[in-house]
Amino acid sequence: MRTAEARLEEAVGLAQAIDLEVAEAQVLRVERPTPASFLGPGQVERLKGLVEEREIGLAVVDAALTPVQQRNLERAWSCKVIDRTGLILEIFGARARTREGQLQVERAALSYQRSRLVRSWTHLERQRGGFGFLGGPGESQLEIDRRLIAERIERIDADLKRVQWTRHEQRKGRAQPAVALVGYTNAGKSTLFNRLTDAGVFAKDLLFATLDPTMRRAKLPSGREIVLSDTVGFISDLPTQLVAAFRATLEEVLEADLILHVRDVAHPDSEAQREDVLAVLSELGVDPEEPDRLVEVLNKVDLLPEEARAKLEAQASREPALVAISAVTGEGLDRLQARLEELLGA
């Protein structure tokens, strides 16, 4: 459902999210991935010249590479090579601030590393965040002892189980209904969260601007209080390691009384992003066809042309599961709050 250009733009945005300077970005046609290098021999050779000419130190392939393909591309281009999963893990490693977030990201990174020959555990020695896919001391590719990784994952799982238990106990004692925000990364969840709670959570036009989960109380017009949770954004081809690692956090979504699916309706790939989010929700065990529990919040209507905006608002007026808003301007928030009151029986 996505154009190649839109996919490339997203990949560039991911790279820029951790302050990488993108020297070149290209769409390459791959009819059948080559087992040895993913790309065809001609493409590998042409890009080798580009890497040498531009003195590029890192190449990102926006696809899933096998360990052999990654190693062979690094040898051919004499630079570091990471795939989409490695790039997303690097972003999460750099962004995690809470102890829980750091544990979850480390578990995902270890699961990813366990299946391949990797560089040494350089993320323990680096001053900035991240998990060592982009460099640091110990550049040579060494195979991490799988037993040590397995032991570390077991310890992390034990810590995360304690987090799950704590969250479960907190939910048991919670009197207010819970409402969870979900959506594609950069759909405007944190901006909406701030609008409803006055929380001042970091919100920026940036992929994965928010990583660590946040929960705040919010008051509806009737005076009824709810607990609102802001979760990590989803993305197409979200690494399975991350879905598994963040299951403790995403339990807030599973246990929520209502789920607000925030969509960027002004984005050209809004429908594709919607399908990606619903796929992750299904993977977590949430039925996307629950109209009394899942509400689609059509955000950023202020960025739509007048005709498209009027059409969308007319559709939302006919379908109770849709609410059109602008989290930036505050337009439509009264309709959203009224819908929440109705569904919660306030």
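The values are calculated or read from the model by the stated rules, or taken from the named source; none is laboratory data. Just so it is clear, the model here is predicted, and its values are computed rather than measured. Cβ atoms come from the backbone with ideal geometry, glycine included; neighbour counts cover every protein chain shown. Only protein heavy atoms, including side chains, enter the accessible area calculation; ligands, DNA and RNA are left aside. Shrake-Rupley method; radii C 1.70, N 1.55, O 1.52, S 1.80 Å.
Numbers below:
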read-out: Cα gyration tensor shape of region 1-122, rounded if a/c is under 1.5, else prolate or oblate by comparing a/b with b/c; value: prolate
read-out: Within straight-line cross-link reach of Lys172, lysines at Cα separation under 23 Å, skipping those fewer than 8 residues along the same chain; value: Lys161, Lys219
read-out: Derived scalar couplings ³J(HN,Hα) [region 217-223; Karplus, 6.51 cos²θ - 1.76 cosθ + 1.60; whole Hz; x for Gly, Pro]; value: 7, 9, 10, 7, x, 6, x
read-out: Fraction of accessible area attributable to carbon and sulfur, region 1-51 (%, probe 1.4 Å); value: 51 percent
read-out: Whole-Hz couplings from phi, Karplus 6.51/-1.76/1.60, listed for region 270-278; x for Gly and Pro; value: 4, 5, 5, 5, 4, 5, 5, 5, 5
read-out: Relative contact order of region 240-346, defined on C-alpha pairs under 8 angstrom at six or more residues apart (%); value: 23 percent
read-out: Under Karplus coefficients 6.51, -1.76 and 1.60, residue-wise ³J(HN,Hα) of region 156-169 in Hz, glycine/proline x; value: 5, 4, 5, 5, 5, 5, 5, 4, 4, 5, 4, 4, 4, 5
read-out: Partner lysines for Lys189 [C-alpha distance under 17 Å; skip if fewer than 8 residues away on the same chain]; value: Lys204, Lys300
read-out: Average accessible area per residue (Å²) across region 275-346 - probe 1.4 Å, nucleic acids and ligands excluded; value: 50 Å²
read-out: Overall Cα dimensions of region 252-339, principal axis frame, Å, largest first; value: 38, 29, 23
read-out: Qualifying GluC sites (Glu not before Pro) in region 52-83, DSSP loop, other Cβ atoms within 10 Å at most 16; value: Glu55
read-out: Nearby lysines by direct alpha-carbon distance to Lys80 (threshold 25 angstrom, same-chain neighbours under 8 apart not counted); value: Lys48
read-out: Accessible-area order (highest first, 1.4 angstrom probe) of the listed residues Thr214, Thr66; value: Thr66, Thr214
